Amino acid sequence: MLGRQTPPDRPALPVGWRRLAARLPILLFRCGLGWAFGKRLLLLHHTGRVTGLQRRAVLEVVEHDRAGGSWTVASGFGPRAAWYRNLRADPKTLIEVGSRRHAVTARFLPPDEGAEIMARYARRHPRTARRLCAFMGFTPDGTDAGYREAGRGIPFVLLEAAPGFRPT
């Protein structure tokens, strides 16, 4: 029987050249090259909860519901990530996927939904799921149950398109 894992210590935010490399996709989106990432990455626009300034973060799309107009993302740095806390303060925002912009509202998913999302992701991308879990401090055993347990400790956010969304 699997015991509940305590949330691991999250990785430190990148600094120096690693921060620059991590932020490079933002520059590419801003230059109109978001199409180069296909539908795998999105650019999240968010408002700083303290400063009120516009911020951006590039996130991996964990799941996409084309018909319903929603994108699921995860906070690899946990609930203390700036973009995650900013969305908590102001969940209505804008995303860019490829070369299209969408108005969305963030909905924060409960741990049990995160568990199922992580298990599905691991089935589609087993090597990436293993690496991401290790990066975040989880040690799943490679089974669906192990990935579900890791998924309970990862904050997932569903970005739902505003009414009037037309699938592309």
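The values are calculated or read from the model by the stated rules, or taken from the named source; none is laboratory data. Computed from a prediction, not measured in an experiment: that's the story for all the values here. Glycine also receives a Cβ, built like all others from the backbone with ideal geometry; neighbour counts cover every protein chain displayed. When the accessible area is computed, the model is the full protein with side chains, heavy atoms only, and any ligands, DNA or RNA have been set aside. Shrake-Rupley method; radii C 1.70, N 1.55, O 1.52, S 1.80 Å.
Checking the condition surrounded by fewer than 21 Cβ atoms within 10 Å (Cβ to Cβ) and assigned to a helix (DSSP H, G or I), which residue from Thr128, Thr105 passes?
Details: Thr105 fails: assigned to a helix (DSSP H, G or I).
From the options Thr128, Thr105, the qualifying one is Thr128.
Write out, first by first residue and then by second, each pair whose Cβ atoms fall under 6 Å of each other, whose residues are 6+ apart or on separate chains, and whose first residue, in the stretch 62-75, is at negative phi while the second is of a type in the set (D, E, K, R) and not in a loop (DSSP other than H, G, I, E, B).
Ser70/Glu160; Thr72/Glu63
Which members of the stretch 108-125 meet the condition of being open to solvent by less than 40 Å² (accessible area, probe 1.4 Å) and assigned to a helix (DSSP H, G or I)? Reasoning before the result, please.
Applying the first criterion (open to solvent by less than 40 Å² (accessible area, probe 1.4 Å)) to the stretch 108-125 yields 109, 114-115, 117-119, 121-122.
Within the stretch 108-125, Gly114, Ala115, Ile117, Met118, Ala119, Tyr121, Ala122 qualify.
Which condition from (1) within 10 Å of the chain's Cα centre (by Cα); (2) closer than 18 Å to Ile117 by Cα; (3) not in a loop (DSSP other than H, G, I, E, B) is the one that Leu44 breaks?
With (1) within 10 Å of the chain's Cα centre (by Cα); (2) closer than 18 Å to Ile117 by Cα; (3) not in a loop (DSSP other than H, G, I, E, B) applied to Leu44, the lone miss is (2).
All but one of (1) assigned to a helix (DSSP H, G or I); (2) closer than 18 Å to His64 by Cβ; (3) open to solvent by less than 20 Å² (accessible area, probe 1.4 Å) hold for Tyr147; state the number of the condition that does not hold.
(2)
Every residue in the stretch 107-148 that is among the hydroxyl-bearing types (Ser, Thr, Tyr) and touching a Cys at 6+ places or on another chain (Cβ under 8 Å), please. Reasoning before the result, please.
Of the stretch 107-148, the ones among the hydroxyl-bearing types (Ser, Thr, Tyr) are 121, 128, 139, 143, 147.
Result: Thr139, Tyr147.
What residue, among those in the stretch 80-102 that are touching a strand residue (DSSP E or B) at 6+ places or on another chain (Cβ under 9 Å) and in a helix (DSSP H, G or I), is surrounded by the most Cβ atoms within 10 Å (Cβ to Cβ)? Step through it out loud before you land on a result.
Step one: list which residues in the stretch 80-102 are touching a strand residue (DSSP E or B) at 6+ places or on another chain (Cβ under 9 Å), which gives 81-84, 86-98, 101-102.
With the extra rule that they be in a helix (DSSP H, G or I), the set shrinks to 82-84, 86-89.
Numbers: Ala82: 16, Trp83: 22, Tyr84: 22, Asn86: 21, Leu87: 26, Arg88: 14, Ala89: 11.
Per the stated criteria, the residue is Leu87.
Out of all the residues in the stretch 47-78, which are part of a loop (DSSP other than H, G, I, E, B) and surrounded by 14 or more Cβ atoms within 10 Å (Cβ to Cβ)?
Step one: filter the stretch 47-78 for residues part of a loop (DSSP other than H, G, I, E, B), giving 48-53, 61-62, 66-69, 75-77.
Scanning the stretch 47-78 gives Gly48, Arg49, Val61, Val62, Gly69, Ser75, Gly76, Phe77.
Identify, by number, the condition in (1) surrounded by 19 or more Cβ atoms within 10 Å (Cβ to Cβ); (2) within 24 Å of Gly34 (Cβ to Cβ); (3) of a type outside the set (Gly, Ala, Ser); (4) at pLDDT below 95 that Pro140 doesn't meet.
Looking at each condition in turn, Pro140 falls short on (2).
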